[in-house]
1. So what is the relative contact order for the chain, in percent, with contacts set as C-alpha pairs under 8 Å and at least six apart?
2. Given a Förster distance of 60 angstrom, what is the FRET efficiency for Val262 paired with Glu57, based on the Cβ-Cβ distance and rounded to 0.05?
3. May I ask for the angle, rounded to the nearest 10°, between helix 281-306 and the longest principal axis of the chain, with both axes built from Cα atoms and the value confined to 0 to 90°?
4. How large is the Kirkwood hydrodynamic radius of the chain, counting all unique pairs of alpha carbons, in Å?
5. Please determine, in degrees from 0 to 90 and to the nearest 10, the orientation of helix 379-400 with respect to the longest principal axis defined by the Cα atoms of the chain, where the helix direction is its Cα long axis.
6. Measure nothing fancy, just the Cα-based angle from helix 409-443's long axis to the longest principal axis of the chain, in degrees from 0 to 90, nearest 10.
7. What percentage of the solvent-accessible surface of the chain, computed with a 1.4 Å probe over protein heavy atoms, is contributed by carbon and sulfur atoms?
8. Return one whole number: the accessible area per residue of the stretch 356-438 in Å², for a 1.4 Å probe.
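The values are calculated or read from the model by the stated rules, or taken from the named source; none is laboratory data. Quantities reported herein were computed from a predicted structural model and do not represent experimental measurements. Glycine gets a Cβ as well: all are built from the backbone with ideal geometry, and neighbour counts include every protein chain shown. Ligands, DNA and RNA are stripped out before the accessible areas are found, and what is left, the full protein with its side chains, is counted by its heavy atoms. Shrake-Rupley method; radii C 1.70, N 1.55, O 1.52, S 1.80 Å.
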Amino acid sequence: MTQTTYVEPAGGRPAGSTADPHHARRWLILVMIGLAQLMVVLDATIVNIALPTAQHELGFSSDARQWVVTAYALAFGSLLLLGGRVNDLFGRKRAFLIGLAGFALASAVGGAANGIEMLIVARAAQGVFGALLAPAALSLLTTTFTDPKERGRAFGIFGAIAGGGAAVGLLLGGVLTEYLDWRWCMFVNIVFAVIAFVGGSSLLRHRPSEDRPKLDIPGAVVSTLGLFAVVYGFANAETHDWSSPLVWGFLAAGVVLLGVFVRIETRVAHPLLPMRVLLDRNRGGAYLAVFLLGIGMFGIFLFLTYYLQQNLGFTPITSGLAFLPMVGTLMVSATLSTSVLLPRVGPKVLVGAGMVIAAAGLFWLSGIDSASTYASGVLFPLMVAGVGIGLSMAPSMNVAISGVDPHDVGVASATVNTGQQIGGSIGTALLSSVAADAAASFAVGKTPTPQLLADAAIHSYTTAFTWAAGIFLLGAVVCGLLIKPGVPEEIETDMPVVHA
């Protein structure tokens, strides 16, 4: 192992000293980063459990209800690339702290909402600051851990949070709604943000970027509009027919705008997303893997929650607890995959095998019926799916930002988050549409009875699980072809630390 010149966080050795790069505060920094990432990820689901109660108290319609979820996804997904480049240009510590403070303030406004308008604005503001915060967290993780073994463990923990945070959100949302008040699903973010803010202020050191190119304004505008159109189009697919102009019109516009964005990025001097970040085969395969995993994961959380509550009669709390075995196997496999397996076999094997295992778990889960119980039909396939997701998610996140230039770390991190967020939005809309069609087809020509309706609902869930499994298998093939065999050089060797 070689020694490297590094910049110690505030209170450590002066810049330029040659020493062991494993500075004493690195694990505390990981705790702080993990809290911030958990806050961002669980906010995609924690509000779902609270929505019925919030709707009853604030008196808004069911049509308006979806916008409490969609407003966050729209702002977060469309602004991530811009947030990542802002990190690179103005410093990751600064972006991290501003993101935390803004997220906490928006959460306070949402918790105090006196109507649907105020709640939706607060959720959109959470998405804006989340788009600044999420790339900062992943960038700081990259620049803090440089030893391959420790870096693998750190990415395993981070990947487990990214993969299991949505399930934790369901559990936490149920606990807070049942024992406190739905507003605490917003207020709890203040606790996470304050702890992470205090830690970030004391542990991190601001280091201005050595390379301060001009911000790519045309690229920022076009990419934001393009991602907005894509997310908005898929969000409308949940409440409209796929033939609706609100669906295909926005999706078509999004594709065109993203095509224009790529064209702009190949011509400007200081691109928002340099094509060198995307065109590396390993990174491209890793981004695609995160995107496809996002589609399948959100399908599991959405439809299994329906099955547990509507068919098995679970409460919100017990529904959240039911996901914990999956979170446990996901965390174990994510940590082992990056710390032990990735330096030995490389990402190609892990990503492909992980997606195949996750697909097997979903195919197994698609066998549930009206006679199934949690123990007989859900528990073990859910644990298998967790193993597969952890095995592929954490190495993908590691490889996706390994080997990039220091001034591209922020936008590379943002691309990872964009893939997961857009994948989740697409997965929710696509699988919801598939499930609705399956339920309608099952009931055609039959006398409607309570048992028939229950069987039709279960059929819709199993159809969604089968589609998600197919998506994972497709991902195993495509990502396996893209990612190079062997262990990438940047995984084997130490990288210099550049603290933000």
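1. On the way: 982 pairs, mean separation 121.6, N = 500.
The value is 24 percent.
2. Details: r = 45 Å, r/R0 = 0.76.
Here the calculated transfer efficiency is 0.85.
3. Long axis of 281-306 versus the principal axis of the chain: about 30 degrees.
4. Details: mean 1/r = 0.0439 Å⁻¹.
It works out to 22.8 Å.
5. 30
6. 10
7. 68
8. Working: 2140 Å² over 83 residues.
It amounts to 26 Å² per residue over the stretch 356-438.
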